Every structure is written in structure tokens, then in C-alpha cells.
Ligand code: KMH
Ligand code: ZN
């Protein structure tokens with residue numbers, strides 16, 4: 001693993017779908033999110049993928065709530081990379097999804113297409129993707145391109161090649177959502193090879209959903225990619241055993257990386273790899 005860059009571990013601490021009933025340790029309030037971020041950072045995460053909730057647990061795209069959460073996380077973990085979600089919850093309006101970009105986060109998610117998402121439809125109209133991309137470019141916000149299947153990767157590559165998106169390019173392969181590609185290793189290998197064929201200079205990570213989280217993280221560590229874990233994608237430590245904390249999931253992938261001599265990226269190294277200031 002000596003030739004690979006250090007592995008960036010992102011922790012998606014909250015998400016928009018999981019509930020406290022299913023995962024009692026799910027951080028909901030800014031205070032809980034700050035504590036979860038600190039634990040995740042202490043365990044080895046350097047990026048927080050951030051969704052916010054109202055106190056009753058409802059997913060929210062309210063700017064003030066993002067602001068509160070960002071301030072609390074910054075205080076708990078100075079320098080942590082905070083990547084806000086513009087995906088929000090299924091069914092959220094584009095206007096609301098765009099709102100938190102007014103906070104000028106250093107990084108934000110940018111979803112690359114429409115798909116069935118479990119029993120729902122996650123709508124990302126081409127004109128709205130362009131609006132998100134344009135706003136991020138205007139404000140120098142680095143997008144993380146969320147890719148759930150091959151067509152979305154090809155759409156992302158087109159936008160990069162046309163200059164609609166202007167690097168640094170970071171692809172996040174989100175695999176295992178019912179409606180998108182499954183977390184089978186062959187799918188990850190296919191996506192990585194298509195991305196490489198583009199000739200673009202890019203970094204990539206993988207977020208495996210549910211039971212795919214651990215095996216895909218292990219494969220990404222071996223393949224030179226980056227890793228996302230956390231309750232947004234998976235609430236279990238193993239089959240039938242709910243994880244104690246987001247940090248427990250981070251700590252496990254850190255152990256895996258160490259076992260195969262792949263260094264874990266510090267916050268500083270993460271900023272260099274992702275092209276952040
Ligand atoms: N909650 C999903 C429908 C993102 O953060 O940009 C979308 C999502 C992606 O979580
Ligand atoms: Zn998300």
C-alpha cells in the first residue's frame with residue numbers, strides 16, 4: 001500500500017432516513033452531532049458528511065440548523081472538513097436543498113441523477129444538477145459527486161469534460177441503495193475503471209449501504225480509494241447487532257487500514273488530497 005495516498009475516512013453521522021428508534025445513538029441535535037463528530041475524529045475520521053434534523057428528528061435543510069450544527073462541530077473538532085448534504089431527504093424541494101449553500105461550506109454533496117430510492121424516487125433533474133453545480137462553482141465549494149450507478153458516473157464525467165464542473169473532482173460511489181447499483185465488488189471495479197478511462201484527474205470513495213458497508217470499505221482501502229462509514233448508510237456493527245456509535249464504525253475501518261499498511265489521512269492530509277484550503 002506504500003504507493004497509495006492515505007485513506008480519507010468520512011463519517012456520515014446522521015443522514016436523513018435513520019431514526020432513533022432503529023439506532024438509539026443516532027445524533028440528532030447540533031450538540032449530539034458535535035459529540036459524535038468529535039468521537040469519529042478521535043477514531044480517525046477527517047470528514048463529516050452532514051445532514052441536519054429538527055429536535056423531533058425530522059430531516060431539515062434549514063440554514064439556521066446547519067449553521068448551529070457547523071458551529072458546534074467546529075468547536076468540538078477544529079479544522080474538521082464538513083461536507084453538507086444538498087441531497088436532503090427524498091421529496092425535499094430543490095429550493096430548500098440549495099439553501100445551506102448560502103453558508104459557503106467548503107464542501108457539499110452533488111447528486112448526479114434521478115433514481116428509485118427504496119420505495120421512493122430521489123429526483124435530480126438535469127437542470128437542477130446544473131443549478132447545484134453552478135452555485136458550487138460560483139462560491140468555490142468543492143462538490144463531492146454522489147454516484148449510485150454507471151449512468152450517473154457518465155453524466156458526471158460529461159459535466160467535468162465540458163467544464164461545467166472544474167475540479168478537483170471527487171467521486172463518491174454510493175452502492176447498495178435499492179434502486180441503484182448493489183454493493184457487489186464487480187460494480188465498484190466497473191465504476192473505478194470507467195472513471196479511470198475518462199482520463200480525468202480524480203479521487204474516489206465508496207459508501208456501502210447496509211451490509212455492504214464493511215466489505216466495500218475493505219475493498220476501497222486495498223484499491224487506493226477512500227471510505228465512508230456511519231449511521232446514514234448503516235446502523236449495524238454486524239448482522240443483528242446495532243453499532244454503539246458512529247465512532248465504532250470508524251475505528252473498525254481504521255484497524256483494517258492499519259492491518260494492510262494504508263495510512264489514515266489526517267485532517268491536513270485530507271485537505272491536500274481533496275484540494276481544500
Ligand atoms: N438522503 C438521500 C435521499 C446526499 O446527502 O447528498 C440523499 C442523500 C445524498 O443523502
Ligand atoms: Zn447524505
Checklist line | Neighbour-count order for 107, 112, fewest beta carbons within 10 angstrom listed first | finding: 107, 112
Margin query: Restricting everything to alpha-carbon atoms, can you work out Rg to Rh for the chain with a Kirkwood hydrodynamic radius?
Written below: 0.92
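For region 1-127, compute Rg over Rh where Rg is the Cα radius of gyration and Rh is the Kirkwood radius from the inverse mean 1/r over Cα pairs.
Working: Rg = 15.0 Å, Rh = 15.3 Å.
Taking Rh as the inverse mean 1/r over Cα pairs, Rg/Rh reads 0.98.
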Note to self: As a test of the formula, what do you get for the chain when each DSSP H run with n ≥ 4 contributes -39,500 (n - 2.57) and the sum is divided by the residue count, at 222 nm and rounded to the nearest 500 deg cm²/dmol?
What the structure shows: -11500 deg cm²/dmol
Item checked: residue 263/residue 164 FRET efficiency (R0 41 Å; Cβ-Cβ; nearest 0.05) -> 0.75
Next item on the list: Over all alpha-carbon pairs of region 103-147, lay out the pair-distance distribution in 5 Å bins, whole %, shortest bin first.
Entry: 5, 23, 28, 21, 13, 7, 3
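Mind sorting 37, 182, 193 by how few other Cβ atoms lie within 10 Å of their own Cβ, fewest first?
Lowest count first: 193, 182, 37.
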Note to self: Can you sort 53, 211, 97, 65 from fewest to most other Cβ atoms within 10 Å of each residue's own Cβ?
What the structure shows: 211, 65, 97, 53
Notebook entry, point to check: Which percent, to the nearest 5, of DSSP beta bridges fully inside region 111-226 are antiparallel?
Noted result: 20 percent
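Every read-out reported here was derived from the displayed coordinates using simple, explicitly stated rules and does not represent laboratory data. All of these numbers come straight from a predicted model, not from anything done at the bench. Positions of Cβ are generated from backbone atoms using ideal geometry, with glycine treated the same way; all protein chains shown enter the neighbour counts.
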